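The values are calculated or read from the model by the stated rules, or taken from the named source; none is laboratory data. These figures come from a predicted structure and were not determined experimentally. Cβ placement follows ideal geometry from the backbone for every residue including glycine, while neighbour counts extend to all protein chains displayed. Remember, those area values only see protein heavy atoms, side chains included, never the ligands or the DNA or RNA. Shrake-Rupley method; radii C 1.70, N 1.55, O 1.52, S 1.80 Å.
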Amino acid sequence: MKTIKRHPSASKPTETRLVARQYGAGPRAKPPKHLTAGTLSLMTVGGIMGSGLFLASGPAIRLAGPAILVAYLIGVTIMALEVTALAEMAAADHERGSFLAFAHHALGEGYAFVGGWIFWFSSILNLAAEATAGALFTRVWFPGIPVFIFAMAYAAIITGINFLTVKGFSRVESIMSYVKIGATALFIIVAFLAIFHLIPATGPHGPQLWWRHPGFFPHGWSGVAASMVLVLFSMSGTGVLGLAAPNLKHPEHVMGHTIRTTVITIYLLYGLSALALTGMTWWAHMPTTKSPFTVALGHLPWGWPMEVFNVIILVAVLSAMNAGLFATNRVLATLGRIHAAPAGVARESSGIPRRANLISGILLILFSGLAYFLPRTAYTYLVTATGFQALFIWILIVVTEIYYRPKLLAQGHRLEFRMPGYPWTSWLAVLLMVGVIATAPLAPHELIPLGLGIFVVLLLVGIYWLRARNRAESH
């Protein structure tokens, strides 16, 4: 792929002007600095905790059994390495505004073109999956209304929220994140009280379910490996971290706090949720079309906790959609700034890429309507279609960090926040993610999504090659 040459030793003010020339036709308006460390932490956790935890955890537990705890701990470690690499770049060079611009500068326009379009399209599918999950939760109260109506309505609502100013958006997202974090923590407490028989519960439950025959690893390590794509899908909403950097007051100081808070919160909530779920419901009976959280609460002698938590996980899904669309819109805007998409999508007003939001929102609403044709299986298809593509993006982010750090130092940037153990930890992250992709044969239902993901990558590479050749011939 063609690599764009950069000035080897630009000062920071000069580099900022270069950004304006390279990523758009004219200076980019300076976005308002509304976000703080606490707000960004809530937005990042909010972007991560969605239907991947509250719905897709069921089939993941079916694959791994109680050893889903091990899968989650491995998954959070991989996520922590990826998000640390992203934060290092965003803290040092927050003017560029996204991992896509970093890849463009460090690796070349071809990598940015392919990675940007993969991210944008897979994110739309991911958000449509979240909208469908929200519709499935809502049908508990309105079983007579088709899934696709709720799914499309939620897609439209979230698109509307993303037209708010960044300050207004962050307030909405913070409230929803507080709700889901607090509710998940409360679920864990209640579940452990029931597991150790401190409050009454019906059906099989208790710590014996963690090692009940055939044991903690019912399918061995192959079961853990087979669950990893679903596990990493449940943590795939980290893109908001880098994309929100231009709106931070002090990004060079905020990133470290945000990473620590995010990683510790996800480690605790996901790990303890794994133990709580497998201690309340035998892994072989874990649901795949309903939330295992509400099924677990259904073992309590009171009906209201299940109803209340269904409301909360609906809020959680909408929160993940909200943060996800925030990131998706800004990636599309960046594609416009690097001339990989029409320049009009890069235009911003008060820090909001309104045209990008409109285009992403319309496509999101259309894909959410997939439930009209596949009311029972739309969520599964959408999830598996995005899992591997999300992994490709994570690999691109970490590889970009490996090559970008020397460029940042050469340009005089100060690395206030660094990837510990660079470059060994960065290459370890890449190796672990490639290993997860290699586990596809262990779960036959993942082979088709992997094939589709590889096909999309090759298709975009081909489109970029034709585009580059036509430009060369025209000159």
Of all residues in the range 438-459 being more than 24 Å from L73 (Cα to Cα) and of a type in the set (G, A, S), which is least open to solvent (accessible area, probe 1.4 Å)? G453
Among the residues of the range 144-157, is any assigned to a loop (DSSP other than H, G, I, E, B), without any contact (Cβ under 8 Å) to a residue 60 or more places away in the chain and surrounded by fewer than 21 Cβ atoms within 10 Å (Cβ to Cβ)? yes
Taking the conditions exactly as written (surrounded by fewer than 22 Cβ atoms within 10 Å (Cβ to Cβ) and within 29 Å of L277 (Cα to Cα)), does I175 satisfy them or not? yes
Within the group V70, V76, which residue is over 25 Å from P353 (Cα atoms) and touching a Gly at 6+ places or on another chain (Cβ under 9 Å)? V76
Does L335 satisfy the condition of being aliphatic (A, V, I, L, M) and free of Cβ contacts under 8 Å to residues at least 60 places away in the same chain? no
Looking only at the range 185-214, count every residue that is more than 12 Å from T278 (Cβ to Cβ) and assigned to a loop (DSSP other than H, G, I, E, B) and tell me the total. 10
Positions within the range 178-202 being open to solvent by 30 Å² or more (accessible area, probe 1.4 Å) and not β-branched (V, I, T), in sequence order: Y178, G182, A185, L186, F192, L193, F196, H197, L198, P200
Residue hits (the range 63-114; surrounded by fewer than 24 Cβ atoms within 10 Å (Cβ to Cβ), in contact with a Pro (Cβ under 9 Å, 6 or more places away or on another chain) and within 30 Å of M286 (Cα to Cα)) are P66
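For the range 329-357, what are the residues that are β-branched (V, I, T) and either at pLDDT 90 or above or touching a Lys or Arg at 6+ places or on another chain (Cβ under 9 Å) (or both)?
Within the range 329-357, T334, V345 meet the criteria.
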Checked the range 286-306 for anything over 16 Å from L55 (Cβ atoms) and touching a residue at least 24 places away in the same chain (Cβ under 8 Å); matches are H299, L300, P301, P305
Of V436, V461, which residue is of a type in the set (A, V, I, L, M, F, W, C) and closer than 30 Å to G223 by Cα? V436
When residues of the range 358-381 are limited to those that are in contact with a Leu (Cβ under 7 Å, 6 or more places away or on another chain) and small (G, A, S), the one modelled with the lowest pLDDT: A378
Evaluate the range 158-167: report whether one residue or more is open to solvent by less than 60 Å² (accessible area, probe 1.4 Å) and over 20 Å from the mean Cα position of the chain (by Cα). yes
Looking only at the range 212-221, count how many residues are modelled with pLDDT of 90 or more and either closer than 30 Å to T261 by Cβ or open to solvent by 30 Å² or more (accessible area, probe 1.4 Å) (or both). 4
A133 vs. criteria farther than 18 Å from L53 by Cα and either buried (at least 24 other Cβ atoms within 10 Å of the Cβ) or modelled with pLDDT of 90 or more (or both): no
Can you confirm whether E416 is in contact (Cβ under 8 Å) with a residue 12 or more places away in the chain, farther than 25 Å from E130 by Cβ and touching a Ser or Thr at 6+ places or on another chain (Cβ under 8 Å)? no
Pick from G462, G435, G421, G412: which is among the small types (G, A, S), at pLDDT 85 or above and either farther than 23 Å from V114 by Cβ or open to solvent by 70 Å² or more (accessible area, probe 1.4 Å) (or both)? G421
